[in-house]
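The values are calculated or read from the model by the stated rules, or taken from the named source; none is laboratory data. All figures in this text were calculated on a predicted structure; none of them were measured in a lab. Because the Cβ atoms are built from the backbone with ideal geometry, glycine has one as well, and the counts that use them run over all protein chains shown.
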Amino acid sequence: MKFNNNMNLMYVLKNKNKIISKVKCGNSFYDRFKGLMFKKEVDFGFLIKIPKNRLKNPKNRLKTSKNTLNHSNMNTFFKRFPSSIHSFFMLVAIDIVFLDDNFNVVDLKTLYPWRFYIPKAVSFYVIELKLGTIKKYEIAIGNKLKLIKIN
């Protein structure tokens, strides 16, 4: 799915044909970095597309000694790390949905301020949502979400 870098574009996120939330997309480095930081209230979701160059071969970005790491475990860690998320400078807790390249849910997490999380599966997209959205709309691992452009 291709997204426009314009933060003014709005999308609707659906699960099982129920509208979950309006969503803005962050494609620039600054948008991805800021996310929902400093927001007192979350009135829309925020979609982050993980850049392909970060997913391509992330283990080459960190040089380590072969003697200090179990490489089979570290391979999955390095594939998951590019879609890790933090809640530093967040004023409220949020729900996080991690998606694969086909918009299937691969992990879910409620993240409280000043925390850091690495998803349990490789993720191509991360969606930050209002706290309680996952439970309210019964979002579960394996669900396929839809994103529909509305403007």
For Lys79, only one of the following conditions fails: (1) modelled with pLDDT of 75 or more; (2) within 15 Å of the chain's Cα centre (by Cα). What is its number?
(1)
For the stretch 85-124, how many residues meet the condition of being under 20 Å from Lys16 (Cβ atoms) and not in a loop (DSSP other than H, G, I, E, B)?
10
When you go through Val23, Val12 one by one, which is the residue that is surrounded by fewer than 17 Cβ atoms within 10 Å (Cβ to Cβ), at pLDDT 80 or above, of a type outside the set (Gly, Ala, Ser) and in a strand (DSSP E or B)?
Val12
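Just one of Ile134, Ile127, Ile139 is under 15 Å from the mean Cα position of the chain (by Cα) and either part of a helix (DSSP H, G or I) or loosely packed, with under 15 Cβ neighbours inside 10 Å (or both); which is it? Walk me through it before giving the result.
Working: Ile127 fails: either part of a helix (DSSP H, G or I) or loosely packed, with under 15 Cβ neighbours inside 10 Å (or both); Ile139 fails: either part of a helix (DSSP H, G or I) or loosely packed, with under 15 Cβ neighbours inside 10 Å (or both).
Unique residue meeting the criteria: Ile134.
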